[in-house]
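The structure appears right after this line, and notes come after that.
The values are calculated or read from the model by the stated rules, or taken from the named source; none is laboratory data. For clarity, every value in this text was computed on a predicted model and none was experimentally measured. Every residue, glycine among them, receives a Cβ derived from its backbone with ideal geometry; neighbour counts consider all protein chains shown. Keep in mind that these areas ignore ligands, DNA and RNA; they rest on the heavy atoms of the full protein, side chains included. Shrake-Rupley method; radii C 1.70, N 1.55, O 1.52, S 1.80 Å.
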Amino acid sequence: MAGRYAPRPPRTTARGAAGVPGGRGPGGALPAGGAVASGGVAAANEPAGRGAGDRRPVVPPQAGGRHSPRHRTWAPPWPLDLGLTLGPLRRGPADPTYRATPDGAFWRTCRTPEGPGTLRVAARGGTVEADAWGAGADWLLDRLPVLLGALDEPDAFTPRHRLLAVTRQRRPGLRLLRTGLVLESLIPSILEQKVTTDEAYRAWRLLVRGYGEPAPGAPAELRLAVVPEPRTWALVPSWEWHRAGVDGKRSATVLRAVRVAGRLEEAAGMEPEEARRRLELVPGIGPWTSAETVQRSNGAPDAVSTGDYHLPGVIGHALADQRDADDARMLELLEPYAGQRHRAARLVLLSGRTPPRRAPRMTPRDIAPL
């Protein structure tokens, strides 16, 4: 996007010419009994209304076989469920930055301090096989154990409710991940403010596909893309935010955040509470958004998403049969787990004990025609 307004280079291929054939990464399956996050290759919708003068970059088919991947094998000294651990990174079934494939592998793209990268991880017996492509490949492989919960301390959690004890026993492979990257979790969290998840997932998908870049090494059929760099986010025109269903308040918050992206990325190396204070200095970023971010970037075990539309009712119903609980009541119920409140909330959500619906789902809004 930095050269978005520069003259176009002369055409060197005929329109419609075939691209470079892509190749698949190495295959692999989870061992018998291993948990795999559901969902295979899902096609995503493209942004509509592309005009003749629209110069938005389009993610082309990836040249998966052009470069050899870097490889690492790691044996975690504790049970590890890749689907449960990496699941919070998934922003909807067609997230262009994350994919779980039928062979038991998990693909993730990100923009590391070294550049864009693609990571593929799969469990084989008691080991994790990881392959990485792109300028950020070494960074991704070096941080693989941290990403998968090496710094997490699940033994610090003591269940005081039967539901949590049973769920913990049934999900021994749950670890709290730590990406070490802030912006990739902050921007989708901003997009999720006060809208339905379907609206937020659609906005994330359209913007990343429209302004991201091809994921290095990923098979073309996965349609993966790397999130735009901060400058590219800043150059997204107002009508494209509108077309993606993002109102002016949320888009303005994203723009304020990317202007200080370097300072916000520093929060990944801070203690969670200090990191949240740093994020909340940006107008439009409040306790809910900062908690959702540091849960992923910092692996924060105590960051509770206060202000969530559903979470207080779910926690209240599961722990005290009070589906109308508010934030204050939720925090009161989680008080015995101080220091591990986010883990307690994750276990409640994984237990499946949620209040029955009393009304139809909220109707997603579409502001594009306005």
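Below are the figures for this structure:
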{"item": "Dipole magnitude of segment 161-296, debye to nearest 20 (Cβ charges: Lys/Arg +1, Asp/Glu -1, about Cα centre)", "result": "440 debye"}
{"item": "Size descriptor, Kirkwood hydrodynamic radius, that averages inverse alpha-carbon separations across segment 283-370, Å", "result": "14.2 Å"}
{"item": "Accessible area in the full protein assembly, largest first, 1.4 Å probe, for Arg278, Arg357", "result": "Arg357, Arg278"}
{"item": "Compactness of segment 99-197 as Cα Rg over 2.2 N^0.38 Å, two decimals", "result": "1.28"}
{"item": "Under the Karplus curve 6.51 cos²θ - 1.76 cosθ + 1.60, θ = phi - 60°, whole-Hz ³J(HN,Hα) for segment 186-199, x wherever Gly or Pro sits", "result": "5, 5, x, 5, 5, 5, 8, 5, 6, 9, 6, 5, 4, 5"}
{"item": "Segment 132-187: trypsin sites (Lys or Arg not before Pro) in DSSP loop, at most 15 other beta carbons within 10 Å", "result": "Arg160"}
{"item": "Under 14 Å, Cβ to Cβ, from Gly92 - net charge with Lys/Arg +1 and Asp/Glu -1", "result": "+3"}
{"item": "Rg followed by Dmax, in Å, when segment 177-228 is reduced to its Cα trace", "result": "12.2, 36"}
{"item": "Furthest towards positive pole of dipole, Gly180, Pro216, Val166, structure part segment 150-229, Cβ charges", "result": "Val166"}
{"item": "15 Å tail of the calculated P(r), segment 143-185, as % of Cα pairs", "result": "52 percent"}
{"item": "Förster radius 56 Å - calculated FRET efficiency between Arg256 and Thr127 (Cβ-Cβ, nearest 0.05)", "result": "0.85"}
{"item": "Largest-first ordering by accessible area, 1.4 Å probe, given options Glu229, Glu292", "result": "Glu229, Glu292"}
{"item": "Heavy-atom accessible area ranking, 1.4 Å probe, most first, across His242, His71, His342", "result": "His71, His242, His342"}
{"item": "Sorted peptide list for 115-124, 266-275, criterion being average Cβ within 10 angstrom, highest first", "result": "115-124, 266-275"}
